[in-house]
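Asker: Here it is, the structure, as structure tokens.
The values are calculated or read from the model by the stated rules, or taken from the named source; none is laboratory data. Every value quoted in this text rests on a predicted model; they were computed, and no experiment measured them. We place every Cβ from the backbone using ideal geometry, glycine too, and count neighbours over all the protein chains shown. For the accessible areas, the whole protein counts, side chains as well, though only heavy atoms, and no ligand, DNA or RNA atoms are used. Shrake-Rupley method; radii C 1.70, N 1.55, O 1.52, S 1.80 Å.
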Number of protein chains: 2
Amino acid sequence: MSPHRGHAIRSRPNGRLTARIVRSMLAGDWLEEFWAWFAERSERAAHRVERASLDELAGWSRDARTGDYAHHSGKFFRVTGIDVHVPGAAVPRWSQPIIVQPEIGILGILVKEFDGVLHCLMQAKFEPGNANGLQLSPTVQATRSNFQRVHRGKAVPYLEYFRDSARHRVLADVLQSEQGAWFYQKCNRNMIVEVDGDVPVGENFRWLTFGQLNRLFGVQNLINMDARTVLSCLPFTGFDRHPLSDAAEDDFRLALARSCSSAEGSLHPMPEILSWITGIRAQSEVTTRVVPLAGLPAWHRADGRISHESGLFFDVIGVDVAAGSREVTGWSQPMIEPIGDGVVAFVVRRIGGVLHALVHARVEPGYVNVVELAPTVQCTPGNLRALPAAARPRYLDTVLDAPAEQVRYAVALSEEGGRFYRAVNTYLVVEADVEDDADYRWMPLHQLADLLKHSNYLNVQARSLVACLQSLSAPSVAATARR
Amino acid sequence: MSPHRGHAIRSRPNGRLTARIVRSMLAGDWLEEFWAWFAERSERAAHRVERASLDELAGWSRDARTGDYAHHSGKFFRVTGIDVHVPGAAVPRWSQPIIVQPEIGILGILVKEFDGVLHCLMQAKFEPGNANGLQLSPTVQATRSNFQRVHRGKAVPYLEYFRDSARHRVLADVLQSEQGAWFYQKCNRNMIVEVDGDVPVGENFRWLTFGQLNRLFGVQNLINMDARTVLSCLPFTGFDRHPLSDAAEDDFRLALARSCSSAEGSLHPMPEILSWITGIRAQSEVTTRVVPLAGLPAWHRADGRISHESGLFFDVIGVDVAAGSREVTGWSQPMIEPIGDGVVAFVVRRIGGVLHALVHARVEPGYVNVVELAPTVQCTPGNLRALPAAARPRYLDTVLDAPAEQVRYAVALSEEGGRFYRAVNTYLVVEADVEDDADYRWMPLHQLADLLKHSNYLNVQARSLVACLQSLSAPSVAATARR
């Protein structure tokens, strides 16, 4: 007897979920208790991170033949080299160190309704690369090596909700890429899972509404990269008239609310956007070859680190870590330390009353599909002096020279502190009436949200900016920014 | 001055395109002229294909160190080896020869309205692997080496409509994978482009309605693989009530018409389907390593070909080709020659009056994202005697033992004749009330069509079957099957 016989089939999900998310976005004035908890967690967390020579890291060793660095278990990740050809580009060929981490990890946020309002279980988490100790991270942030307990540490709390997600309500579940400039074909599973029933809350965890989280997006180096990418996958656009339209305090926020409504139009219909992406992917002749780390042209190993001869781009360094709040009590590892802070910006404009962001079809060596949609500007300005003039990003000056009243968001946020040492970018949303260009397209948030249901469309920086832009829809977010 | 200032933004495309496609599906009784033309083209096309030793192919040579076969130009494709690990699978580890073709080609069908009815410009094309000389192929079927004219042949006709598609109306444009068992990470650009204006028609080309094509799907080895995959990407589901519902001749066709309507429901909502795919991709620990062809365990080179020691699976052979109707007049190349014909089948059932197909999340070594959705059954039964019993496909007996009245479609069709020598599968659509299973899900056609807008979801065999299933919606298709 079939389990389906007589079952009514289900029609498409309606906007009820969006309504619940919006209700949670509108709830969140009280942050005093959060700050008291976060300050207390920060005091309790006793961490020490010290730089160490790459060649003296406990548990790691350098392969004599290839020069690659790997963990003795064969797990976690490996530092190797790549050789990249991009015919016709401003920089048509280069070599660089890169992290290979073939394991797919889980980045998961648990949500639950309290008194009719959705809350996210967020974690105050230490990572060795964090500039400021703790940051706010997803409920679960675990590599496969973590959850198979290669380092014989404590079990990852709340992991079972995500590994056994079919028992709960899955709001988002999609594989997404990470930094294509520093990772070779890495991706993680981004999940948002809603539970009923009791959830015990550990001392490093706290329930926050989407409204509270949106306000905390105004604080520098607080919401970590993993939390931002998971939050960007929230299905928040399933509405005919977005409820936030009624709460909009000004024309910008009204255009932003419209941008979130899948019933609003767009400058380009989706088939046209998809055809543009297909065309760029089909025409890109990028070749990325994994090569030994030893002997990479222009990269040198000295003083226990690997650096570019220009002194720019990034170093590969080692760190020794002592920490109390992780699964294990101490460890050593290689990390990537970027030289200089970056700029990650969406140029936005209102088209037909609907806010559109200018996305860039960007080639990075580590992408599975060669090209992903990136922010309008994504670069480290300090590196430009080592590059040909044609490598200067098309809209960098638009962003750097924007008058203050056109800058809608400007907050320094960190990249993944588990692999990158103090990697900080200033995330910007800038309104400007610029022209687009062959490799750029104007898209409203509801189109970006449609693409975010699938893998390999938006890169991690663009996903961060989508989450930042979403956060602006909360009323008076600027007024609550602190620190 | 911005080009967008004052521009009305566009809302989502409506069902008008679907209505036009359906009108074309309902037009197509007259095939006499087609058969006269096709017979004439077949007579005129003087081809000769002879088996030749892999080691004596003009323009090709075997690398002394790796044993790989490559063209002297470095273009077209290369035959090398892979070493595959799939922990926990029925066959957890194996090695095999494989074709590496990193170039992305174009498979494009040009469409145009005549007297209000859409027509597709189809080509009678010779390929060396075709069992029967000519097959019906897309307007354009060209590798990048073809259109960069590496072999200094004739220009590819109609190519500019696809390379410069922004000047026309793009109905579909998406990168799709090909055989993951024989190609390493190959994909092609699948395009359907509508033009106005005059299109000169070459002698190997002919305008056909969707209705005529649907009838021709009933003919064995006629519609080639490239035409099938392009036609599967047709956006035919944008309707509230599918117009074919009114033309349905029986309950099966009514359920099929409903299956094409995006307003109808589905057993699983799309977020649940996407989460299922994500989970399987995240948990698959497949490792595929490209290795030299020389010294692959269990594969031997003898008599100018490479074969498996069991005599099963496939051989790598060489062919010398003399042909009149291709871009060049003669050439030699390696090909894959499968041993024995295959079975490719969708098990379908009506759930809530809507036809659902049972898709299988299948691991193949050549997929970029490890797993793609495949037919319910996809195998070569003859190979099973060399494999462990657990490798027998879950629903193979359901398909092979189905009573005749449950078999809705059964036609032998060829795989890509440019790389595969006489690779023939019987494509089947079988109605059966079976249970699903962890790696299988019931999905209506409108959900499959939604996934077909994106890359890496449906494998090439599933796409072929989607096109076969679509073809059944035409009235009385069975009655017109011939040959």
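Asker: How big is the range B:11-109 by the Kirkwood estimate over distinct Cα pairs, in Å? It would help to have the intermediate numbers written out before the result.
Answerer: Numbers: mean 1/r = 0.0506 Å⁻¹.
Kirkwood radius, the range B:11-109: 19.8 Å.
Asker: Need the per-residue list for the range A:255-280: every residue with at least 50 Å² less accessible surface in the complex of protein chains than in the chain by itself, probe 1.4 Å, sorted by number.
Answerer: Listed in order, they are A:LEU267, A:SER275, A:THR278.
Asker: As a test question: what accessible area, to the nearest 10 Å², does B:LYS154 have when a 1.4 Å probe is rolled over all protein chains in place?
Answerer: 120
Asker: Using a 1.4 Å probe over the heavy atoms of the protein chains, calculate the carbon and sulfur portion of the accessible area of the range A:68-170 as a whole percent.
Answerer: Values: 1950 of 3880 Å².
Roughly 50 percent of what the probe reaches on the range A:68-170 is carbon or sulfur.
Asker: Please name whichever of A:CYS233, A:GLY279, A:LEU244 sits farthest to the positive end of the charge dipole of the range A:224-314, dipole taken about the Cα centre and charges placed at Cβ: Lys and Arg +1, Asp and Glu -1.
Answerer: In the range A:224-314, that residue is A:GLY279.
Asker: For the range B:188-308, report the translational diffusion coefficient in µm²/s to the nearest whole number, using Stokes-Einstein at 20 °C, 1.002 mPa s, and a Kirkwood Rh over Cα pairs. Mind dumping the intermediate values first?
Answerer: Working: Rh = 20.1 Å.
Roughly 106 µm²/s, to the nearest whole number.
Asker: Same structure again: Using the reciprocal of the averaged 1/r over all distinct C-alpha pairs, how large is the Kirkwood radius of the range B:283-424 in Å?
Answerer: Numbers: mean 1/r = 0.0548 Å⁻¹.
For the range B:283-424, the Kirkwood estimate is 18.2 Å.
Asker: I would also like to ask the following. Could you list log10 I(q)/I(0) for the range B:129-242 at q = 0.09 Å⁻¹, which the Debye formula gives when each Cα is one point scatterer?
Answerer: Evaluating at q = 0.09 Å⁻¹ gives log10 I(q)/I(0) of -0.29.
Asker: What accessible surface, in Å², does a 1.4 Å probe find on B:HIS72, ignoring ligands, DNA and RNA and rounding to the nearest 10?
Answerer: 130
Asker: Regarding chain B, what are the three Cα extents along the principal axes, ordered largest first, in Å?
Answerer: Sorted largest first, the three principal extents are 62, 58, 52 Å.
Asker: Which order do you get for B:TRP207, B:TRP30 if you rank them by accessible area with a 1.4 Å probe, largest at the top?
Answerer: Numbers: B:TRP207 45, B:TRP30 150 Å².
Heavy-atom accessible area, descending, gives B:TRP30, B:TRP207.
Asker: Where only protein heavy atoms count, and the probe is 1.4 Å, what is the accessible area per residue for chain A in Å²? Can you show the working numbers first?
Answerer: On the way: 18260 Å² over 483 residues.
Here the per-residue accessible area is 38 Å².
Asker: Still on this model: Accessible area, 1.4 Å probe, largest first: how do A:GLU103, B:GLU249 sort? Please list the in-between numbers first.
Answerer: On the way: A:GLU103 25, B:GLU249 95 Å².
Sorted by accessible area, descending: B:GLU249, A:GLU103.
Asker: Using only the Cα atoms, work out Rg/Rh for the range A:84-134, with Rh taken as the Kirkwood radius, to two decimals.
Answerer: Working: Rg = 20.3 Å, Rh = 16.2 Å.
Using only Cα positions, Rg/Rh for the range A:84-134 is 1.26.
Asker: Hey, what number do you get for the protein assembly as shown at 222 nm if only DSSP H runs of n ≥ 4 count, each worth -39500 (n - 2.57), divided across all residues, to the nearest 500? Write out the running numbers ahead of the final one.
Answerer: Details: 26 runs with 204 residues, N = 966.
The per-residue figure over the protein assembly as shown is -5500 deg cm²/dmol.
Asker: Suppose we compare each residue of the range A:434-471 in its chain alone and in the full protein complex with a 1.4 Å probe; which ones drop by at least 50 Å² of accessible area?
Answerer: A:GLU435, A:HIS454
Asker: Which sequence of B:HIS360, B:HIS446 reflects their accessible areas, 1.4 Å probe, from the largest down?
Answerer: Values: B:HIS360 35, B:HIS446 5 Å².
Largest to smallest exposure gives the sequence B:HIS360, B:HIS446.
Asker: So how many Å³ per residue does the convex hull of the Cα atoms of the range A:240-364 work out to?
Answerer: 242
Asker: Given a 1.4 Å probe and no ligands, DNA or RNA in the count, how much accessible surface is buried by B and A, both sides, to the nearest 100 Å²? The partial results should precede the final answer.
Answerer: Working: alone 20440 and 20450 Å², together 36510 Å².
Buried surface at the B/A interface: approximately 4400 Å².
Asker: With just the Cα atoms defining each centre, how far is the range B:100-117 from the range A:202-240? Give it in Å.
Answerer: About 44 Å separates the Cα centre of the range B:100-117 from the one of the range A:202-240.
Asker: If you place +1 on the Cβ of every Lys and Arg, -1 on the Cβ of every Asp and Glu, and leave all else neutral, what size is the dipole of the protein assembly as shown about its Cα centre, to the nearest 20 Debye?
Answerer: Working: 102 positive and 106 negative charges, 104 e Å.
The calculated dipole for the protein assembly as shown is roughly 500 debye.
Asker: Additional query: Can you give the relative contact order of the range A:392-483 as a percent, counting alpha carbon pairs under 8 Å and 6+ residues apart?
Answerer: Working: 58 pairs, mean separation 19.9, N = 92.
Dividing the mean separation by the residue count of the range A:392-483 yields 22 percent.
Asker: Given charges of +1 on the Cβ of Lys and Arg and -1 on the Cβ of Asp and Glu, with all other atoms neutral, how large is the dipole of chain A about its Cα centre, in debye to the nearest 20? Walk me through the numbers before you get to the answer.
Answerer: On the way: 51 positive and 53 negative charges, 241 e Å.
Dipole of chain A, to the nearest 20 debye: 1160 debye.
Asker: In addition: Could you tell me what percent of the accessible area of the range A:335-483 is made up of carbon and sulfur, with a 1.4 Å probe and every protein chain present? Working shown, then result.
Answerer: On the way: 2160 of 4550 Å².
Result for the range A:335-483: 47 percent of the exposed heavy-atom area is carbon or sulfur.
Asker: Dimensions of the protein assembly as shown along principal axes (Cα, Å, largest first)?
Answerer: In descending order, the Cα extents are 84, 64, 63 Å.
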